[in-house]
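K.L.:
Quick one: the structure is below, and I'll ask about it shortly.
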Amino acid sequence: MARIAMYAGSFDPVTLGHLDVIRRGAALFDEVVVAVGVNSAKQGWFTAAQRGAMLRDACADIPNVRVTHFSGLAVDAAREAGATAILRGLRALSDFEVEFRYGLANRDLAGIETLFLLTDPRHIFISSSMVKEIAANGGSVDRYVPPAVLEAIRARLT
């Protein structure tokens, strides 16, 4: 039986921190399903289809990664994907406090474990929100996002 993990998020946009978690998860599991969350209540910079396309491009060299979309609970999407674990990256203690509660709920709801990967120190301060704020104010984000994402950000802002 294949060991499948799911890494869910909004990825608006995907950052090098996200990619680090994906690569490290792919080394641990037979397959990593990267699930782009669709939340109609949130207005993002990019559509779910655009975010999925950027992730596919960024993960093209990782053969055991599959990108999909979901709405609703991540744990339901994980169960549907056949995942036995949900991957989460931790940047700081505040991340742990939130993710710990979600991890317990995921295990209670579906018996799916949550595995925390510590963020590489080079990426510890990077977030999608920070990338958008820097880019919107004319700053350079090229060292925080993969090339295809950089192109998409530039296109959005011109």
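Laboratory data are not the source of any read-out in this text; all were calculated from the coordinates shown. Since we're looking at a predicted model, the values are computed, not measured. Counting neighbours? That spans all protein chains shown, and the Cβs are built from the backbone with ideal geometry, glycine included.
K.L.:
Do you know which of the residues in segment 43-95 that are surrounded by fewer than 17 Cβ atoms within 10 Å (Cβ to Cβ) and hydrophobic (A, V, I, L, M, F, W, C) is farthest from Leu117 (Cα to Cα)?
P.N.:
Here the residue is Ala49.
K.L.:
Now for a separate question. Those residues that are exposed (fewer than 14 other Cβ atoms within 10 Å of the Cβ) and under 18 Å from the mean Cα position of the chain (by Cα), I need them from segment 98-112; list them, please.
P.N.:
Correct list: Val98 only.
K.L.:
Could you go through segment 12-27 and let me know if any residue there is in a strand (DSSP E or B) and surrounded by fewer than 22 Cβ atoms within 10 Å (Cβ to Cβ). Let's see the steps before the verdict.
P.N.:
Step one: filter segment 12-27 for residues in a strand (DSSP E or B), giving none.
So far as segment 12-27 goes, no, none of its residues is in a strand (DSSP E or B) and surrounded by fewer than 22 Cβ atoms within 10 Å (Cβ to Cβ).
K.L.:
Residue under question is Ser128, and the condition is that it be under 15 Å from Gly9 (Cα atoms), buried (at least 16 other Cβ atoms within 10 Å of the Cβ) and out of contact with any strand residue (DSSP E or B) (no Cβ under 7 Å at 6 or more places or on another chain); does it hold?
P.N.:
On the way: under 15 Å from Gly9 (Cα atoms): yes; buried (at least 16 other Cβ atoms within 10 Å of the Cβ): yes; out of contact with any strand residue (DSSP E or B) (no Cβ under 7 Å at 6 or more places or on another chain): yes.
It is true that Ser128 is under 15 Å from Gly9 (Cα atoms), buried (at least 16 other Cβ atoms within 10 Å of the Cβ) and out of contact with any strand residue (DSSP E or B) (no Cβ under 7 Å at 6 or more places or on another chain).
K.L.:
Then there is this: Please state which one of Leu28, Leu55 is within 21 Å of Glu133 (Cα to Cα) and of a type in the set (A, V, I, L, M).
P.N.:
Working: Leu28 fails: within 21 Å of Glu133 (Cα to Cα).
Just one listed residue meets the conditions, Leu55.
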